[in-house]
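What follows is one structure encoded as structure tokens, with my remarks underneath.
The values are calculated or read from the model by the stated rules, or taken from the named source; none is laboratory data. Note that the structure is predicted; figures quoted are calculated from it, not measured. Please note: Cβ atoms are built from the backbone with ideal geometry, for glycine as well, and neighbour counts cover all protein chains shown.
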Amino acid sequence: MTHRTGNRLLQVGALARVEGEGALYVQVDDDRVTAAQLQIYEPPRFFEAFLRGRHCSEPPDITARICGICPVAYQMSACLAIEDVCGVAVPDDIAALRQLLYCGEWIESHALHIYLLHAPDFLGYDGAIEMARDHRDLVQQALRLKKIGNAILELIGGRAVHPINVRVGGFYRSPTAADIAALEPELQWALQASWDTVARVAAFDFPDYDGDWDLVALAGSEDSGGMSCSGTYPIMGRRIAAASGRLDIDVAAFTEHFREEHLPHSTALHGRWDGGPYLVGPLARYALNRALLPEQARAAAQAAGLEEVCRNPFRSIIVRAVELVAACEMALDLVRGYRPPREPFVEVPVRAGVGHGVSEAPRGLLYHRYEIDDDGLIVSATIVPPTAQNQPAIEHDLQHLVEDNLDLGDGELTHRCEQAIRNYDPCISCATHFLRLEVHRA
Amino acid sequence: MSPPSLAVWKFASCDGCQLTLLDCEDELLAIAGQVEIRQFLEASSAVAEGPFDVSLVEGSITTEHDIERIQQVREQSGLLVTIGACATAGGIQALRNYADVAHYTTAVYAHPDYISTLATSTPASAHVKVDLELHGCPIDKGHLLQTIAALLLGTVPQQDSGSVCMECKRRGTACLLVSRGVPCLGPVTRSGCGALCPAYDRGCFGCFGPSESINLDAIRDQLVAIGTPDDAVDRLLGTFTVRSFREAQP
């Protein structure tokens, strides 16, 4: 292959198979990458601005609208943060129902990304519909997996997109034991199908690449009660840690360590940590909490030959599949052990103060912070979504991938970069929600 | 005869309404066999040129560029169908339309010069002719499927013009507002969700927008009569379809 020299410009105006509107821009001058950007041009929607003055009972519903793919993540981080302000922790039975709802979102979102958005890159199709012409069984399996995730969301949450049954303190109504038990047969099928998913995706060809960013996720802890206790792969909790060991904090200290930067090419603020670029999401969760994976998920990871810490983002599809097994397994356990909570919610008496909430959205750590006044009205809101935190790491990867692959033709190199972006399952709608307002009047 | 062509477009939104199309797990492959999906960026890298028989539009108009883009979509589309509260009503981001600008400018971020946005969030219908509207935050999956089926059959899709209140009666849910004093917008909210919230012991919060010929004064009086503070009533009417409820005010 000829070595291409000189100045090159790789551009994709509108990225496909990502949630939201983003573009790719890479500039090479004399074999040096002078710009590598995931440009985010989705218009801002100013959630943090209009949350001010709203009542503290409203963030679960309002912030769900930041993202139609992971509304439960927003609802849970919001509830945890408001309950933190008010000094309330929900009882274990409500926490268990939250965890089951969240597992539904993981199953739905991971099945969507693995099969419908990411797999076409490895199998050489434009998308799942095109892929279905040759691999109908694969797409049907994906849709059935997605459907069981949505069935959990619909039963507990009322509907799959923007569930209506979540409130600060718990739920409006809890499902009956019979309704929850009816989920079991499909979940058993889903557990088998997710095992099969791990094997299928582990057989894909992966480009060599090793990211040198740090990995940040919730970590298991001994002392946090409810479902975030040690022994469970953490989805909700308080302790945040880095795989390097350079960070181990309570969520209340989040903003002391992480800050956001505003750069010209993005309507999303970039997440920065003094430790440099860091990654949140499946690779980070797996690196920190592999030992806490439920039994079958751990066995599936081992059978797939997954390394203890995976630093190749192209292989994140395997980790996502392992987490799919984990989510099915955890959901099955919760379904089998389900008793309707004594009360669907606990009262959360308003008190002024600041609170923090964090949970593991399918794409990674999602942080909420609220300050509320004596009347329960929101004084300020800060939301840090996973894709904003990953954006610097994604760009870091783009830079290195291009430098390492200058021999490739423009078309192939551009495709490789697009793939690199999709590795992170970026949710651009999420990343963009939180810019503050600039009024531009004609 | 070649199958009808479909395009899906996104403006300012959360992606949840277009996800509803992918959430049609039992029907998606059948739909894909009946229509030619020429443009659906969330699902496929394949991008074919227009014109399109049907365009589904998600999201509200919040930038100058969006205004040009929605006009281009209109020019290329036989039928333009807006899906969801953002596209039909400006969405929750239309709260900016009623914000005190002085208050918002204090919240300016680091480099306002990097960003360009309009002071308002508006529905597609404020800019171009819209042929059909699917309401809801998010839209109802059954309604989307029914609409696609009707378009394929060449019949007129059914438009529901009743209220959530009527759906509750049909469903047999006891009235939360009357029997338990729970604030509920059911009497003034467009039907289409199947009266979901009251079935979960929760008052309707109006995510499908106002129904036709409503009496907002009456619902306000009723909500205040059961002890809802005025500011809470304002917030209830001013969230997911704020622009539509404002325009429905007498």
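Data table
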read-out: Of residues in segment B:23-42 being under 21 Å from the mean Cα position of the chain (by Cα) and facing another protein chain (nearest Cβ under 7 Å), the one modelled with the lowest pLDDT; value: B:Glu42
read-out: Subset of segment B:1-17 [closer than 18 Å to B:Gln146 by Cβ and within 8 Å of chain A (Cβ to nearest Cβ)]; value: B:Cys17
read-out: Verdict on B:Leu236 being crowded, with 21+ Cβ neighbours inside 10 Å, within 22 Å of the chain's Cα centre (by Cα) and modelled with pLDDT of 95 or more; value: yes
read-out: Residue identified as closer than 19 Å to B:Val242 by Cβ, assigned to a helix (DSSP H, G or I) and within 14 Å of another protein chain (Cβ to nearest Cβ) among B:Cys193, B:Cys204, B:Cys197, B:Cys184; value: B:Cys197
read-out: Candidates A:Ile66, A:Ile94 - the one that is among the hydrophobic types (A, V, I, L, M, F, W, C), under 21 Å from the mean Cα position of the chain (by Cα) and closer than 23 Å to A:Pro163 by Cα; value: A:Ile66
read-out: Selection count where residues are at pLDDT below 90 and touching a strand residue (DSSP E or B) at 6+ places or on another chain (Cβ under 6 Å), scope segment A:197-229; value: 3
read-out: Number of the condition not met by A:Val90 [criteria: (1) of a type in the set (Val, Ile, Thr); (2) surrounded by fewer than 24 Cβ atoms within 10 Å (Cβ to Cβ); (3) farther than 22 Å from A:Pro426 by Cα]; value: (2)
read-out: Count of residues meeting criterion [within 7 Å of chain A (Cβ to nearest Cβ), modelled with pLDDT under 95 and in a helix (DSSP H, G or I)] in segment B:84-126; value: 8
read-out: A:Gly124 vs. criteria among the small types (Gly, Ala, Ser), more than 10 Å from chain B (Cβ to nearest Cβ) and more than 30 Å from A:Val201 (Cβ to Cβ); value: no
read-out: Matching residues, segment A:230-248, being surrounded by fewer than 16 Cβ atoms within 10 Å (Cβ to Cβ) and modelled with pLDDT of 85 or more; value: A:Ser244, A:Gly245, A:Arg246, A:Asp248
read-out: From the options B:Val8, B:Val54, B:Val73, B:Val81, residue that is within 14 Å of B:Val128 (Cβ to Cβ), modelled with pLDDT of 95 or more, in a strand (DSSP E or B) and of a type in the set (A, V, I, L, M, F, W, C); value: B:Val81
read-out: Segment A:17-60, subset under 17 Å from B:Glu42 (Cα atoms) and in a strand (DSSP E or B), residue nearest to the other protein chains (Cβ to nearest Cβ); value: A:Glu19
read-out: Segment A:69-87 - residue that is more than 22 Å from B:Leu237 (Cα to Cα), buried (at least 24 other Cβ atoms within 10 Å of the Cβ) and small (Gly, Ala, Ser) and, of those, farthest from the other protein chains (Cβ to nearest Cβ); value: A:Ala81
read-out: In segment B:54-68, the residues that are buried (at least 24 other Cβ atoms within 10 Å of the Cβ) and either on the phi < 0 side of the Ramachandran plot or not assigned by TED's automatic domain parsing to the domain that holds B:Ile83 (or both); value: B:Ser55, B:Leu56, B:Val57, B:Glu58, B:Ser60, B:Ile61, B:Thr62
read-out: Residues of segment B:169-181 that turn out to be away from chain A (no Cβ under 14 Å) and either more than 21 Å from A:Glu58 (Cβ to Cβ) or modelled with pLDDT under 95 (or both), as a count; value: 6
read-out: Segment B:212-231, subset modelled with pLDDT of 95 or more and assigned to a loop (DSSP other than H, G, I, E, B), residue farthest from the other protein chains (Cβ to nearest Cβ); value: B:Ile226
read-out: Some residue of segment A:76-91 being polar (S, T, N, Q), within 22 Å of the chain's Cα centre (by Cα) and more than 30 Å from A:Glu347 (Cβ to Cβ); value: no
read-out: One residue from B:Ala48, B:Ala43, B:Ala87 being farther than 18 Å from B:Ala32 by Cα and hydrophobic (A, V, I, L, M, F, W, C); value: B:Ala87
read-out: Some residue of segment B:128-148 being part of a helix (DSSP H, G or I) and either more than 26 Å from A:Pro71 (Cα to Cα) or not assigned by TED's automatic domain parsing to the domain that holds B:Gly84 (or both); value: no
read-out: Segment A:146-166, residues that are more than 8 Å from chain B (Cβ to nearest Cβ) and either free of Cβ contacts under 8 Å to residues at least 40 places away in the same chain or not in a helix (DSSP H, G or I) (or both); value: A:Glu154, A:Leu155, A:Pro163, A:Val166
read-out: Test result for A:Glu108, acidic (Asp, Glu), within 18 Å of A:Val379 (Cα to Cα) and at the interface with another protein chain (Cβ under 10 Å from one of its Cβ atoms); value: no
read-out: Residue that is farthest from A:Gly245 (Cα to Cα), among those in segment A:186-220 that are within 20 Å of the chain's Cα centre (by Cα) and of a type in the set (Gly, Ala, Ser); value: A:Ser194
read-out: Failed item, numbered, when B:Ser244 is tested on (1) within 11 Å of another protein chain (Cβ to nearest Cβ); (2) farther than 20 Å from A:Thr63 by Cβ; (3) touching a strand residue (DSSP E or B) at 6+ places or on another chain (Cβ under 7 Å); value: (1)
read-out: Residues that are buried (at least 24 other Cβ atoms within 10 Å of the Cβ) and of a type in the set (D, E, K, R), drawn from segment A:279-311; value: A:Arg285
